[in-house]
Structures are given as C-alpha cells and as structure tokens.
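The values are calculated or read from the model by the stated rules, or taken from the named source; none is laboratory data. Remember, it's a predicted structure, so these values are computed and weren't measured experimentally. In this analysis, Cβ positions are derived from the backbone assuming ideal geometry, glycine residues included, and neighbour counts consider all displayed protein chains. Just the protein is used for accessible areas: all its heavy atoms, side chains included, with ligands, DNA and RNA removed. Shrake-Rupley method; radii C 1.70, N 1.55, O 1.52, S 1.80 Å.
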Amino acid sequence: MERRPIHQLSQSLVNRIAAGEVIERPASVVKELIENSIDAGATHIVVEVEDGGRELIRVIDDGSGINADELPLAFASHATSKLVSDEDLFAIHTMGFRGEALASIGSVSHARILSRTSDSDAAYEIFNRGGEIGDIQAAAGNVGTTIDVRRLFFNTPARRKFLKASSTEFSYISEAVMRTALPNPEVSFKLSHNSRVVLDLPKTDQHSRLLAAWPDEFREQQLPIQTRDAEIMMRGIIGTPELARPSQRYQYFFLNGRPVRDKFIQHAVRESFRGLTEPGRYPAAILLVSMPRAGC
Ligand code: ADP
Ligand code: MG
C-alpha cells in the first residue's frame, strides 16, 4: 500500500473527534452547559428542550456572563477561565477546567452563545456552525448567558443514528439535571420539554432538595444522615430496607458536589443493609460526601 505522509489534523476535525468522547448524546450537552452555569455563579438555571434535544437544547442562566471579546475563545478548544497556573490543576474548585466542552458542542451542532456581563449595557452573541465560528454581534439580552444548541450531530451521522426515541433521550436529560440539582440547593432549576415544564425546583435547603429525587410514596420512609469522621463529612438520606430496589435507580452519590459512581460506596451501603434486604437489591440512598480537596 502506498504510504501517505503524516500531517496535522485541522482544528475542526480535532474538535469533532474530541466531541465523540465527551458529547455522547443530548444529555451530555445539557450536563456540560448547566455545569458551566453553576461555575459562573448562576442562581437560576432554565433548561428548554425540544424533541429530546434533537431540535433544541437551550440553557439560560443569570451567572457572571462572558465578556464580548472573549466569546470566540469560549468556543475555542483548550480555552478556559478556570485554570491559570499549573498548580491550579491540583486545587480545582469548579466543575469544568478542560476548556473543551463548548468547542466540542459547537463542532457537532449549530450553537449560539448570547451573553452579557453586569458591567456591560448590551448583550453580545456569537454563532458556531459545526466549527465555523462567526463574528461577535450586539444583541438584546439580560445579564447572564443563554446557550442554544440546534441540529445536534448534524455532521456526525453515526451519533445521530444511535440516538434513542425522544422520550428516552429526554429521560437522560432529566436525570442529568436532577444529578446536578441535588448538591446545589441554592440554585433554582426549571426544565421543560416541548414547552411543558417537567421539573421545577425552587431554591431551597439541602434536605428539601434531596427529597426532589425521592419519590412521594417513599416520603414516610427516610432516615436523614449527618455524620463526620475526621475531615470527611457525609450528609444525605437513606431509605428504610423496604425501599431497596433491584436497580440502582434511587442511589445517588456525590463527592464534593460532583456525581460519582463508586463501587466502594455502593458496597458500603449494601453491607450496612446486609440481612435487612434481599440479596440483589439496592437500598435507596442519596449521599453527599465532602472532604478537603488535595492541596488545600
Ligand atoms: P471549561 O468549563 O472546562 O472551562 P467550557 O468549554 O465548558 O470549558 O467553557 C469555556 C469557558 O467559557 C469557561 O471557562 C467560561 O469562562 C466560559 N463559559 C462557558 N459557559 C459559561 C456560562 N454559562 N457563563 C459564563 N461563562 C461561561
Ligand atoms: Mg465547562
């Protein structure tokens, strides 16, 4: 076979390949966008979805906004405001830090950022159509950021084909919103699908927010937990043994506000219910573990 020379991939192809890893389905877009809103200090986050995210994903926040001149960078890969020095990598206190999400999303969709900072009189917008980034333009908008994502996976047919029914994709989205909302009770979340409000979580205290993921019929059967061992703190709620289910649907674990899937925690929960639940059942539990970050 004839040997072809090595050459550097174009930036848009690099971003599209990277998108293949982080942006698996509409719910991944929602997760990345709302985590950005949290990082920007938002107190109200509205998520609007049409057709399971195929038609539209829109996230509106009242966070810090992005300066007009930085808008093109927000869509650039490896561009972030969250890490400045090498040391910062060991003391991360934001959800994001790789500077890759918006570049990836923009490379596989038609996306728009509309943003206004509190010291600006006007909002500005910028479009990214599958990696083609337009010019910064003045627009109307409140302080905060709105990101629209349309035509997701228009240029990656394999991903588009792999998407499930709109109701299934929406259920993943709603899970992603719930997972982000649980450890952030000081932020209100509203999620709608095809203009119908599906989740409406006003700002509240931590315990009440956790109950949002606790089915009503479980209400009477919950034990609040608050415990600490040296510098490790754990809060949350666990269900009585009757609530144990054959799936992990009612198990949520968080470490310092990040959702985690951890075999060790799962095992510890199961062990503590040993003899009380049938084998193969998972106790209902929402646990928020916090510990000092490395380097603090
Ligand atoms: P990361 O979150 O890893 O920094 P992203 O690609 O998700 O990377 O975002 C790039 C940058 O765009 C962020 O570092 C932040 O400065 C800015 N940004 C993104 N979303 C928002 C938002 N909702 N509000 C304010 N700034 C944002
Ligand atoms: Mg991010």
Self-check item: Per residue value of the accessible surface for the range 206-290 (all protein chains in place, 1.4 Å probe), Å²
Solution: 61
Quiz prompt | Modelled FRET efficiency - R0 41 Å, L223 with R98, Cβ distances, 0.05 increments | solution = 0.60
Quiz item: Among Q266, A123, H93, whose Cα lies farthest out toward the positive end of the dipole of the chain, if unit charges sit on the beta carbon of Lys, Arg (+1) and Asp, Glu (-1)?
Solution: Q266
Quiz prompt | the chain - charge dipole about Cα centre, Lys and Arg +1 at Cβ, Asp and Glu -1, debye rounded to 20 | solution = 1140
Quiz item: Ranked highest first by average number of other Cβ atoms within 10 Å, how do 26-38, 169-181, 1-13, 215-227 line up?
Solution: 26-38, 169-181, 215-227, 1-13
Quiz item: Around P246, what is the net charge, scoring Lys/Arg as +1 and Asp/Glu as -1 over all other residues with Cβ under 12 Å from its Cβ?
Solution: +2
Quiz item: To the nearest µm²/s, what D does Stokes-Einstein give for the range 11-201 at 25 °C and 0.890 mPa s, using the Kirkwood radius over alpha carbon pairs as Rh?
Solution: 148
Self-check item: Flagged links, alpha-carbon separation over 28 Å, of K164/K203; K31/K263; K161/K263
Solution: K164/K203; K161/K263
Practice problem: Compute the length gained on full extension between Q206 and A140: take 0.36 nm times their separation in residues and subtract their Cα-Cα distance, giving the result in nm to one decimal. | Solution: 20.3 nm
Exercise. Quote to one decimal, in nm, the extra length available between A122 and F162 on full extension: 0.36 nm per residue of separation minus the C-alpha distance between them.
Key: 10.4 nm
Quiz prompt | Surface accessible to a 1.4 Å probe, H193 within the full protein complex, Å² | solution = 30
Quiz item: For the range 206-290, what is the charge dipole size about the Cα centre, in debye to the nearest 20, if Lys and Arg each add +1 at the Cβ and Asp and Glu each add -1 at the Cβ?
Solution: 260
Self-check item: Three-way shape label, the range 105-225, alpha-carbon gyration tensor, a/c 1.5
Solution: oblate
Quiz item: Can you pull the percent of the chain's accessible area that's carbon plus sulfur, 1.4 Å probe, other chains left in place?
Solution: 51
Exercise. Could you check what % of the DSSP bridge pairs in the range 241-296 are antiparallel, to the nearest 5?
Key: 35
Exercise. Could you tell me, in Å, what Rg and Dmax come out for the Cα atoms of the range 206-290?
Key: 12.2, 35
Quiz item: Between S195 and N256, what is the FRET efficiency for a Förster distance of 41 Å, r being their Cβ-Cβ separation, to the nearest 0.05?
Solution: 0.70
Exercise. Sum -39500 (n - 2.57) across every DSSP H segment of at least 4 residues in the chain, then divide by the residue count to get the 222 nm mean residue ellipticity, nearest 500.
Key: -7500 deg cm²/dmol
Quiz prompt | Pairwise FRET efficiency - D86 versus R293, Cβ, R0 = 22 Å, nearest 0.05 | solution = 0.85
Quiz prompt | Average Cα contact separation per residue, the chain, under 8 Å, 6 or more apart, as relative contact order % | solution = 17
